[in-house]
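Visitor: There's a structure below that I have some questions on.
The values are calculated or read from the model by the stated rules, or taken from the named source; none is laboratory data. In this text the structure is predicted, and so the values were computed from the model without any measurement. All Cβ positions, even for glycine, are placed from backbone atoms using ideal geometry, and neighbour counts span all protein chains on display. Accessible surface areas use protein heavy atoms only, side chains included; no ligands, DNA or RNA. Shrake-Rupley method; radii C 1.70, N 1.55, O 1.52, S 1.80 Å.
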Amino acid sequence: MSVSDTGSTQHLPVAYLPGASGLWTAWEPIAAVLASRREPLLFDYPGLGESEENPELTSLSKLAAWIADELPERCDLVTQSVGSALALRLALEHAERIRRLVLVTPCGGVNALGFGALDWRDSFRERRPDAPNWFLDDDSDFNDRLTEISAPTLIVMGGRDLLAPASIGHFLRERLPSAKLEIIPEASHDLAEEHPAFLASMIEAHLRR
């Protein structure tokens, strides 16, 4: 995990979880915009991002437990893509520690293929054959437990996203007790890179409530 020291902050820290890239830098531009008031905790997945591999992390559930050990007593949680599988698990297993959730282009923790999403796993395996298989092997589906998540949740989808279709966002909004859905019509799965300022403003508005 890479933690940026931004001095004094006015709010709870914000933990940022990347998707399958595992890279802490995935959230760096957004975190930098919000850092003046919110201490950013930028996670890097061992062996998948830039940090050294941890042989004890043999599954996504163990990765989630490792993240939980690194989280502060209470924080807000922002994630993207398949990282939503981690965020949903953490919100369920550590509800008292997660104040608010932000799910950007979520496609983990739900049956994404059932919503018409493209299967990205073969191409990822070809590009990164030595990477941990956590996200490739994970089939977690929290459908039956989504109503247990009490944290107010912002869901941000791209209208042109083939990996996380907007239908996933509609489903999550219906199932999560306190959720708001935003769809950026022209955005793809790279929403955070395509619209960083707009996304940062939406995240800030959600977290300051």
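Visitor: Taking the condition of being closer than 13 Å to GLU204 by Cα and surrounded by 16 or more Cβ atoms within 10 Å (Cβ to Cβ), how many residues in the stretch 24-46 meet it? Walk me through it before giving the result.
Guide: Quick first cut of the stretch 24-46, residues closer than 13 Å to GLU204 by Cα only: 30-40.
Pick out the ones that are also surrounded by 16 or more Cβ atoms within 10 Å (Cβ to Cβ) and you get 30-31, 33-35, 38-40.
Here the count works out to 8.
Visitor: Then there's this: Would you check which residues across the stretch 47-64 are open to solvent by 10 Å² or more (accessible area, probe 1.4 Å), in contact with a Leu (Cβ under 7 Å, 6 or more places away or on another chain) and without any contact (Cβ under 8 Å) to a residue 60 or more places away in the chain and list them?
Guide: GLY49, GLU50
Visitor: On the basis of being open to solvent by 10 Å² or more (accessible area, probe 1.4 Å), in contact (Cβ under 8 Å) with a residue 24 or more places away in the chain and under 18 Å from the mean Cα position of the chain (by Cα), does ARG99 make the cut?
Guide: On the way: open to solvent by 10 Å² or more (accessible area, probe 1.4 Å): yes; in contact (Cβ under 8 Å) with a residue 24 or more places away in the chain: yes; under 18 Å from the mean Cα position of the chain (by Cα): yes.
Here the answer is yes, as ARG99 does meet what is asked.
Visitor: With respect to SER2, is the statement that it is open to solvent by less than 50 Å² (accessible area, probe 1.4 Å) and at pLDDT below 95 true? Outline the logic, then answer.
Guide: Details: open to solvent by less than 50 Å² (accessible area, probe 1.4 Å): yes; at pLDDT below 95: yes.
In short, yes.
Visitor: Turning to a different aspect of this structure: Do we have ASP144 as more than 26 Å from HIS11 (Cα to Cα), without any contact (Cβ under 8 Å) to a residue 24 or more places away in the chain and either more than 15 Å from the chain's Cα centre (by Cα) or surrounded by 15 or more Cβ atoms within 10 Å (Cβ to Cβ) (or both) here? Quick ask: steps written out before the conclusion?
Guide: Details: more than 26 Å from HIS11 (Cα to Cα): yes; without any contact (Cβ under 8 Å) to a residue 24 or more places away in the chain: yes; either more than 15 Å from the chain's Cα centre (by Cα) or surrounded by 15 or more Cβ atoms within 10 Å (Cβ to Cβ) (or both): yes.
Yes, satisfied.
Visitor: Scan the stretch 108-135 for residues that are open to solvent by less than 20 Å² (accessible area, probe 1.4 Å) and more than 16 Å from the chain's Cα centre (by Cα) and jot them down.
Guide: ALA117, PHE124, ALA131
Visitor: Among LEU63, LEU34, LEU42, which is the only one that is at pLDDT below 95, aliphatic (A, V, I, L, M) and farther than 21 Å from PRO177 by Cα?
Guide: Numbers: LEU63 fails: at pLDDT below 95; LEU42 fails: at pLDDT below 95.
Going through LEU63, LEU34, LEU42 in turn, just one is at pLDDT below 95, aliphatic (A, V, I, L, M) and farther than 21 Å from PRO177 by Cα: LEU34.
Visitor: Only one of LEU162, LEU207, LEU191 is open to solvent by 60 Å² or more (accessible area, probe 1.4 Å) and in contact (Cβ under 8 Å) with a residue 40 or more places away in the chain; which? Before the answer, list the steps.
Guide: Numbers: LEU207 fails: open to solvent by 60 Å² or more (accessible area, probe 1.4 Å); LEU191 fails: open to solvent by 60 Å² or more (accessible area, probe 1.4 Å).
Of LEU162, LEU207, LEU191, the one residue that is open to solvent by 60 Å² or more (accessible area, probe 1.4 Å) and in contact (Cβ under 8 Å) with a residue 40 or more places away in the chain is LEU162.
Visitor: Just to be sure, is LEU92 of a type in the set (A, V, I, L, M), touching a Phe, Trp or Tyr at 6+ places or on another chain (Cβ under 8 Å) and open to solvent by 10 Å² or more (accessible area, probe 1.4 Å)? Please lay out each step first, then the result.
Guide: Numbers: of a type in the set (A, V, I, L, M): yes; touching a Phe, Trp or Tyr at 6+ places or on another chain (Cβ under 8 Å): yes; open to solvent by 10 Å² or more (accessible area, probe 1.4 Å): yes.
Taking the combined requirement at face value, the residue satisfies it.
Visitor: Is it the case that some residue within the stretch 188-197 is farther than 30 Å from ARG74 by Cβ, more than 15 Å from the chain's Cα centre (by Cα) and of a type in the set (D, E, K, R)?
Guide: Looking for residues that are farther than 30 Å from ARG74 by Cβ, more than 15 Å from the chain's Cα centre (by Cα) and of a type in the set (D, E, K, R), one finds at least one in the stretch 188-197, hence yes.
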